[in-house]
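Participant: One structure, pasted below without further comment.
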Amino acid sequence: MDAEADRKRLVEALTPLGVEFELFACDPALADTAQFCAAYGFAFEDSANTIVVVGKAQPRRYAACVVLAPHRLDVNRAVKARLGTRKASFAGADETRELTGMAIGGVTPFGLPSDLPVWVDGAVMTRPRVVLGGGSRSWKVIAPPSILLALPGAEVVDGLAGPPG
């Protein structure tokens, strides 16, 4: 897809949520969080990554986790327990693209398949605004964290991720 088609798809997913948002175009080569923040002057602490995780059971179980960039997703305890599986891990690049239609570095919680749970770490909700992936490496979404609560089935999970360090 080209950047304009990506933008249109993003607007179609965001507009029905009824929360103000801003779209920010970026160089796809600078889409990774640390590079994006350095290049465009955004605070690393205001960036939230959407990470697809997989519970290794049959059938496989998936969730999309939204976590502040400096924090570490607790895959071995919190995610595994919520998925109800003995083992859990980050979904690989191919698996993430197959499930979401999005590349790692651009995954957004907006426009995901309706059967994919969205878990938002409680710390995300403490920020005045968050910078989220835009569904491609060409776009970011800037919005209050309340936009995540407008997603059907999204759930705030305290302790989903741990603070840095």
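The values are calculated or read from the model by the stated rules, or taken from the named source; none is laboratory data. Computed from a predicted structure; not experimentally measured. FYI the Cβ positions are ideal-geometry reconstructions off the backbone, even for glycines, and counts take in every protein chain you see. Quick note on the areas: whole protein, heavy atoms, side chains included, nothing else; ligands and nucleic acids left out. Shrake-Rupley method; radii C 1.70, N 1.55, O 1.52, S 1.80 Å.
Participant: Largest first, how would Ile104, Ile147, Ile51 line up by accessible area (1.4 Å probe)?
Facilitator: Greatest to least solvent exposure: Ile104, Ile51, Ile147.
Participant: Would you mind computing Rg(Cα) / (2.2 N^0.38 Å) for the chain, counting N as its residues?
Facilitator: 0.96
Participant: Treat each spin label as a single point 7 Å out from the Cα along the C-beta direction, and report the Ala5 to Asp32 distance in nm.
Facilitator: Distance between the two pseudo-spin positions: 2.7 nm.
Participant: Ok, one more. Under a cut-off of 25 Å between alpha-carbon atoms, report the lysines in cross-link reach of Lys8, not counting same-chain residues fewer than 8 places apart.
Facilitator: By straight Cα distance, Lys8 reaches Lys140.
Participant: Share of antiparallel DSSP beta bridges in the range 13-165, in percent to the nearest 5?
Facilitator: Percent antiparallel among DSSP bridges in the range 13-165 is about 70.
Participant: Counting each DSSP H run of 4 or more residues in the chain as -39500 (n - 2.57), what helix-only mean residue ellipticity at 222 nm follows after dividing by all residues, to the nearest 500 deg cm²/dmol?
Facilitator: -5500 deg cm²/dmol
Participant: Work out the P(r) tail for the range 1-68: percent of alpha carbon pairs separated by more than 15 Å, whole number.
Facilitator: Percent of Cα pairs beyond 15 Å in the range 1-68: 69.
Participant: Roughly what would the spin-label model give for Arg86 and Asp115, points 7 Å off Cα along C-beta, in nm?
Facilitator: In this crude spin-label approximation the distance works out to 2.5 nm.
Participant: From the square roots a ≥ b ≥ c of the eigenvalues of the alpha-carbon gyration tensor of the range 52-97, which class results: rounded (a/c under 1.5), prolate (a/b over b/c), or oblate?
Facilitator: oblate
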